[in-house]
Every structure is written in C-alpha cells, then in structure tokens.
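Notes follow once the structure below has been shown.
The values are calculated or read from the model by the stated rules, or taken from the named source; none is laboratory data. Values in this document were obtained by computation on a predicted structure and should not be read as measured data. Please note: Cβ atoms are built from the backbone with ideal geometry, for glycine as well, and neighbour counts cover all protein chains shown.
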Amino acid sequence: MVIEPSPEVVAVGLIVVKTLMVVMGGTVTYFAYKAFRRTRSGPLGLLAAGFALVTVGGALGGFAYELLDVSLAFGVLVEGLFVLAGFSLIAYSLTAG
C-alpha cells in the first residue's frame, strides 16, 4: 500500500522547494555574474546566463501551473525548455575560451 500526502501538502511542498531553488539558483547566478564582472571573461558571463536560465525555468514551470492556470504538462514543458537552454549555455561556457 502506498501512502500519498494530500494535494494541499504536495502543493505547499512544491512551493517551498521551488522557492528554495530560486534562492539557491539566484545565489549561484549572482556569484557567477560577480566573477564575470571582476574578470570580464566571456565564458563566465555565459555560465552566469546559463545558471540564470536554469533558475528561471525551475521557477517558471511551477509559477505557470499555480498562478496562470496552465496544465501541469505545459508547465513542465516550459520548465524543461528553460533548463535545456540553461544547461546548453553552461556546457558551452565550459568549452569556450
């Protein structure tokens, strides 16, 4: 038998986790951008942009579902597109230079 929490508990958990993801992603993005500003290194700028896209994507998927009343599948798709673009920039930044 599988014990599943109520939808309200899941919704609160999702909001808490997404909020913490934005805080931590914003922190990483801030430090990457700060390093870019200090060094003027193009790859560090791309790295910061990649982290920003991953952070925004992670927030936007849940945000769209909760506040814009789109389907869960569409919210996950939006999140996935932003995360894919962010990871692509991160990968490119690690090989550029």
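Assigned to a helix (DSSP H, G or I), surrounded by 14 or more Cβ atoms within 10 Å (Cβ to Cβ), modelled with pLDDT of 95 or more and not β-branched (V, I, T): does that describe A32?
For A32, the condition - assigned to a helix (DSSP H, G or I), surrounded by 14 or more Cβ atoms within 10 Å (Cβ to Cβ), modelled with pLDDT of 95 or more and not β-branched (V, I, T) - is met.
Conditions (1) among the aliphatic types (A, V, I, L, M); (2) surrounded by fewer than 18 Cβ atoms within 10 Å (Cβ to Cβ), marked per residue:
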position: V2; (1), (2): yes, yes
position: R37; (1), (2): no, yes
position: A48; (1), (2): yes, no
position: F51; (1), (2): no, no
position: L68; (1), (2): yes, yes
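Is it the case, given these coordinates, that F51 is part of a helix (DSSP H, G or I) and in contact (Cβ under 8 Å) with a residue 24 or more places away in the chain?
yes
When you look at G80, is it in contact (Cβ under 8 Å) with a residue 12 or more places away in the chain, loosely packed, with under 15 Cβ neighbours inside 10 Å and not aliphatic (A, V, I, L, M), yes or no?
yes
Pick from G13, G45, G61, G75: which is within 10 Å of the chain's Cα centre (by Cα) and not basic (K, R)?
Result of the check over G13, G45, G61, G75: G61.
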